[in-house]
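Just below is one structure, and these are the notes that go with it.
The values are calculated or read from the model by the stated rules, or taken from the named source; none is laboratory data. The structure displayed is predicted, hence computed values, not measured ones. Methodologically, a virtual Cβ is constructed for each residue, glycine included, from the backbone with ideal geometry; neighbour enumeration extends over all protein chains shown. Keep in mind that these areas ignore ligands, DNA and RNA; they rest on the heavy atoms of the full protein, side chains included. Shrake-Rupley method; radii C 1.70, N 1.55, O 1.52, S 1.80 Å.
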Amino acid sequence: MGATRRRALVTGGARGIGRAIVSELADRGVDVVFTSRKPSPEMAGAEPYDLLDGDAEDLIGRCVRRLGGLDTVILNAGEWAGGRIEQLPPQDWWRVVETNLRGNHLLARAALPALRASGAGSLLLVSSVIGQAGFPGDTAYASAKSAMTGFARALAKESGVRVNVLAPGFVDTDMTTGLGERARRRIVERTVLGRFGTAEEIARAAVFLAEDATFCTGAVLTVDGGWTL
Ligand SMILES: NC(=O)c1ccc[n+]([C@@H]2O[C@H](COP(=O)([O-])OP(=O)(O)OC[C@H]3O[C@@H](n4cnc5c(N)ncnc54)[C@H](OP(=O)(O)O)[C@@H]3O)[C@@H](O)[C@H]2O)c1
C-alpha cells in the first residue's frame, strides 16, 4: 500500500521545468525532495547531485531516509549541447548522451527497489520532442532522448512499476534562451498554438502522468503545442 502522503524525488528541481514540477507536486500535498548540482543553503528540500559523476545509490538512500520511502521519481534533469555532427567534438557529443542516458539509467536502477516497495511506484522520464522528430544540430541530444523512450518502455515491461515518458516541445527556460531570433521565429511558426510553452504547462502534464494516470505505463505524452504535427 502507498503511504497516505506520497513521496517524490525530482531531479533538477532548482530551476526551469523541474522547479515547476516541484511546486506542482507540493501544491498537491506531495512530500518532495529535489536535486541540484550546487544547491544553495536557502533551497529547502534540495540534495546535491550531478548526473555525470553522482552516486545514484547514495542519492536514493538519502531521499528514502528523508522521506521514509519513495512513491514517485521524476527524472527531469538533463543537458543540451548542440552543434552539427562535424562541429560538435566527440567528447561533447558523448557527454550529452552520458548525462541524459547513462545518468538516468543509474538513477532509475537505484530507485527501483524503493518504488517497488511503495506498492504504487511511478517513474517518469523527461525526454523531448527532439528525440521523436530530430532537429538540425541535435544528433547527440536526439540520440539520448529517443534512447530514453526505448529504455522506459522496456523498463515498464520488466520492473513492476509504472514507467512513462514526457516529451515536451519548446519551452521558455534557461535551456532555450540561447536560441537565435530566427530559430525562435521558425519554431513558433511551426507550432500550432503559435508560441513556446511555459514550465508550468509542462509541469501539470508531468504530474498528471506521474501521479494521476494510474492506467498508463510505457506511455509517451507529447506536450508541444502541436510542433510535431
Ligand atoms: N526547455 C525546453 O524547451 C525543453 C524541451 C524538451 C525537453 N526539455 C527537457 O526538460 C528537462 C528540464 O529542462 P529545462 O528546460 O528546465 O532546462 P534548464 O532550465 O536548463 O534546467 C536544466 C536542469 O537540469 C539540471 N542538470 C543539467 N545538467 C546536469 C547534470 N550534469 N547533473 C545534474 N543535473 C543537471 C540542472 O540542474 P542544476 O540546478 O544543477 O543546474 C537544471 O535543473 C531536461 O531534461 C530537458 O532536456 C526541455
Check on T149, within 23 Å of G180 (Cβ to Cβ), crowded, with 16+ Cβ neighbours inside 10 Å, hydroxyl-bearing (S, T, Y) and away from the ligand (no atom under 12 Å from the Cβ) | no
Here is a list of conditions, (1) modelled with pLDDT under 95; (2) touching a strand residue (DSSP E or B) at 6+ places or on another chain (Cβ under 7 Å), and A77 meets all of them except one; can you say which number that is?
-> (1)
Could you list all residues from the range 112-130 that are within 15 Å of the ligand (Cβ to nearest atom) and either under 16 Å from V163 (Cα atoms) or touching a residue at least 24 places away in the same chain (Cβ under 8 Å) (or both)?
-> L123, L124, L125, V126, S127, S128, V129
Within the range 202-229, the residues that are open to solvent by 60 Å² or more (accessible area, probe 1.4 Å) and not polar (S, T, N, Q) are R204, F208, D212, F215, L229
For the range 173-185, pairs from a residue that is over 15 Å from D138 (Cα atoms) to a residue that is open to solvent by 100 Å² or more (accessible area, probe 1.4 Å), with Cβ under 8 Å and 6 or more apart or across chains, are T173/R15; D174/R15
Would you mention how many residues in the range 152-199 are away from the ligand (no atom under 15 Å from the Cβ) and among the basic types (K, R)?
-> 5
Return the only residue of A120, A142, A167 being assigned to a helix (DSSP H, G or I), at pLDDT 95 or above and of a type in the set (A, V, I, L, M).
-> A142
Out of the residues in the range 182-201 that are under 15 Å from V126 (Cβ atoms) and in a helix (DSSP H, G or I), which is most open to solvent (accessible area, probe 1.4 Å)?
-> E200
From L67, L51, grab the single residue that is under 18 Å from the mean Cα position of the chain (by Cα) and in contact (Cβ under 8 Å) with a residue 12 or more places away in the chain.
-> L51
